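Let me begin by presenting the structure, written as structure tokens, before commenting on it.
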Amino acid sequence: MRYLFFTNTPAHVHLYKHAIERLADRGDEVLVLARDYTCTVDLLEWYDLPYEVYGACDTSKGSLLSRLPAHYARAIRLARRYDPDLVFGMGGYAAHTGAVVRTPTVLLIDSEPASFDHTVSTPFARAILTPDTFRKDLGDHHYVFPGFKECAYLHPEIYDPNPEIRERLDLGADEPYAILRLNAFGSQHDVGKHGLTGADRRRIVERLAEDVTVLVSDESGETGLEGLPARPFDLHPALMHDALAEANLLVADTQTMVTEAALLGTPAIRSNSFVGDDDMGNFVALESQGLIHNVAEAEAILERLEALLGDETVDETWRRRRDEFLTDKANLTELIVDVATARGEVDALESVEQFGRWAERESARSVGVGGD
């Protein structure tokens, strides 16, 4: 079998990396079509995955939109040359490429706000997989699994923490630290959305620094740290999960790392303009389990910081909540391999259920336009 995987962001590399390795180990052929976006290619190199770059863009919205025609042209050309039996991806690039080269496609989607992308991509998919917290019906080929996409690489059966990460970060054995993760808001699904302002970031760093060492991971690279009691996270991005697992706290205006923190048992505070009545199901579920805090205003972040930094039982409490939460969650890597083996015909797989049969779900409202 020949499998083609699209990785358009760093998160997509993590999602598929173990499945790609397992398929290759059993003798199947695999190829990644990658978009050169932030550290996506760096991660593919780190994990030694076979890839071709179909295009590049920076973290601005205009950069992606202006390059879409060239991206599609090269992706289709590379796919035709490779001639896959099955395509995996998360949106339009994968779905449309699969349709043009007449290859069945499996989409793995976890973001309800990407309404436009769902509209243009899902009709071309043989199967659409989402977490069981997903609150939007994507049609007859929509199936759900228990867990999140991050369970493909942070499930306890998959993830092994790096015992040397504190040394790599130049931190003492018992030195408490927090990570501040800042989003560039440059993707299509970020249109009209925003996160922490410069003033908010300064207040948060100054409060954190009273109790912990502060490491800043800024997707845009534009946040100046001059005069602030913080330093950049300057290790290879492949080591971020190890740093996150050992951290005392994550504060973020981004999305994926908040879910990752929850699955690692690290307290997380999330604040951006996605938070609200139309928030994504995974973040609602994680907050209901006491694993994250979703807040709309920076003032509320400072209030949560006071409570978390002053509680000596936080580490034990979060690890217990995490362990309880993951008890019945799928090892998504195994599921992806099973779907690949079934050539995308997922009806017979016991680990998924058609949307609407797993549990009664509230109809989701359209909350914006999204991207691949």
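No lab work stands behind these numbers, since they all come straight from the coordinates. A quick note: this is a predicted structure, and the numbers were derived from the prediction, not measured. Quick reminder, even Gly has a Cβ in these numbers, built from the backbone with ideal geometry, and neighbours come from all protein chains shown.
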Item checked: All aspartates and glutamates inside 19 Å of K329 as judged from Cα atoms, apart from same-chain residues fewer than 8 positions distant -> D110, D132, E150, E157, D160, E260, E287, D338, E350, E353, E360
Notebook entry, point to check: Which whole-number percentage describes the relative contact order of the chain, with Cα contacts under 8 Å and a sequence gap of 6 or more?
Noted result: 20
Next item on the list: Enumerate the calculated ³J(HN,Hα) couplings along the range 79-91 in order (Karplus 6.51 cos²θ - 1.76 cosθ + 1.60, θ = phi - 60°), each rounded to whole Hz, writing x wherever the residue is Gly or Pro.
Entry: 5, 4, 5, 6, 6, x, 8, 7, 10, 10, x, 10, x
Checklist line | Helix 332-341 axis, angle to the chain major axis (alpha carbon atoms, nearest 10°) | finding: 10
Check: Say we join alpha carbon atoms closer than 10 Å with springs in a Gaussian network model of the chain; which of S66, S217, S111 then has the biggest fluctuation?
Finding: S66
Margin query: What does the extension gain come out to for L68 and E29, with contour length at 0.36 nm per residue minus their alpha carbon separation?
Written below: 11.3 nm
Check: Ranked highest first by the average count of other Cβ atoms within 10 Å around their residues, in what order do 23-30, 99-106 fall?
Finding: 99-106, 23-30
Check: Which one of F134, I301, Y54 has its Cα pushed farthest toward the positive end of the charge dipole of the chain, where Lys and Arg give +1 and Asp and Glu give -1 at the Cβ?
Finding: Y54
Item checked: Inter-centroid distance (Cα atoms) of the range 278-302 relative to the range 37-104, Å -> 32
Note to self: Only four residue types carry charge here, +1 at the Cβ of Lys and Arg and -1 at the Cβ of Asp and Glu. Report the dipole size of the chain about the Cα centre in Debye, rounded to the nearest 20.
What the structure shows: 1520
Margin query: Springs between alpha-carbon pairs under 10 angstrom, Gaussian network model over the chain: which of V120, V53, V13 fluctuates most?
Written below: V120
Notebook entry, point to check: Comparing L335, L235, L180, which has the greatest mean-square fluctuation in the GNM of the chain with Cα pairs linked when under 10 Å apart?
Noted result: L235
